[in-house]
Amino acid sequence: MILEILTPERKIFSGDVYGAQLPGISGLFEVLDKHAPMISALKAGKLKILKEKTNNSVTYQINSGFVEVLNNKTIVLVEGAQEMY
């Protein structure tokens, strides 16, 4: 699936990924390839990008925002994001 992480200032990430773990306001959830369409609010927390089925991942600390999943594309709109090392 295609994942994009956007802030008001710039595009943080764009690429083809296996999935993403997101901090929803009701708890952590995961979006994978061919996920059903949805829109959800996000709280501040860790967003984990799963680049492959294996342990290859990248984590960002994000501020609150929203996520939209539609047609195998996931768009994350947040107030801010910082990659964690």
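The values are calculated or read from the model by the stated rules, or taken from the named source; none is laboratory data. Source: prediction; values computed, not measured. Heads up, the Cβs are rebuilt from the backbone with ideal geometry, glycines too, and the neighbour counts pull from every protein chain shown.
Details
- Of residues in the range 1-20 being crowded, with 18+ Cβ neighbours inside 10 Å and in a strand (DSSP E or B), the one farthest from the chain's Cα centre (by Cα): Ile12
- Residue in the range 44-54 that is surrounded by fewer than 14 Cβ atoms within 10 Å (Cβ to Cβ) and under 11 Å from the mean Cα position of the chain (by Cα) present: yes
- Qualifying residue in the range 61-69 (condition: part of a strand (DSSP E or B), touching a residue at least 60 places away in the same chain (Cβ under 8 Å) and surrounded by 11 or more Cβ atoms within 10 Å (Cβ to Cβ)): no
- Leu28 being surrounded by 17 or more Cβ atoms within 10 Å (Cβ to Cβ), of a type outside the set (Asp, Glu) and outside any loop (DSSP other than H, G, I, E, B): no
- Test: Thr74 is among the polar types (S, T, N, Q), surrounded by 15 or more Cβ atoms within 10 Å (Cβ to Cβ) and either in contact with a strand residue (DSSP E or B) (Cβ under 9 Å, 6 or more places away or on another chain) or at pLDDT below 95 (or both): yes
- Test: Ile25 is closer than 15 Å to Glu68 by Cα and over 11 Å from the mean Cα position of the chain (by Cα): yes
- Lys34 over 13 Å from Gln82 (Cα atoms), charged (D, E, K, R), more than 10 Å from the chain's Cα centre (by Cα) and surrounded by 14 or more Cβ atoms within 10 Å (Cβ to Cβ): no
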